Amino acid sequence: MVPSIARQSVILKCNMQKSVMLGNYEFFYAAGLMRKLYNIEIRTDMEPEQILEAILQMQDNLAPQSEQEKYLIQIIKNYEPSADHDAQMDELFAWGEQEPDMWQVTTSFHPVIR
């Protein structure tokens, strides 16, 4: 998996408000965005299902500031993560959490993995 492709996929889906999340690579980037946008207490050492549950528990308290954010919440809410979890997913989470070019398809940024 090329991490930038998963990132671009989530951004394109949110910008166009079309399609669904297809895999855990997209999910981990989106989860990182949720951490950045709403300070939800999620970490990469959690199982994918635990991350989703933490986001879903907060969904009624979220105040999206754009149509992209609304769509991001919707595609996460409808996603069923698999148990798969690898280092690239951690990288994508960090990328979402540190995203400097919100909703822009291209970026020169590379995340710092903690």
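Region 29-62 and region 63-97 have Cα centres spaced 8 Å apart. Taking every protein chain into account, the 1.4 Å probe leaves V20 with about 80 Å² of accessible area, to the nearest ten. Computed from Cα atoms alone, the Kirkwood hydrodynamic radius reported for region 1-113 is 13.6 Å.
Straightening the chain between E47 and Q98 buys 16.3 nm, computed as 0.36 nm per residue apart minus the Cα-Cα spacing. Using a probe of 1.4 Å on the protein chains alone, the accessible area found for F93 is around 10 Å².
For the residues D45, D86, a 1.4 Å probe over the protein chains yields an accessible-area ranking, largest first, of D45, D86.
Shown is the FRET efficiency for Q57 and S82, computed with R0 = 25 Å from the Cβ-Cβ distance and rounded to the nearest 0.05: 0.75.
The values are calculated or read from the model by the stated rules, or taken from the named source; none is laboratory data. Predicted model only: the values in this text are computed from it and were never measured. We place every Cβ from the backbone using ideal geometry, glycine too, and count neighbours over all the protein chains shown. Side chains are part of the model used for accessible areas, which takes the heavy atoms of the whole protein and leaves out ligands, DNA and RNA. Shrake-Rupley method; radii C 1.70, N 1.55, O 1.52, S 1.80 Å.
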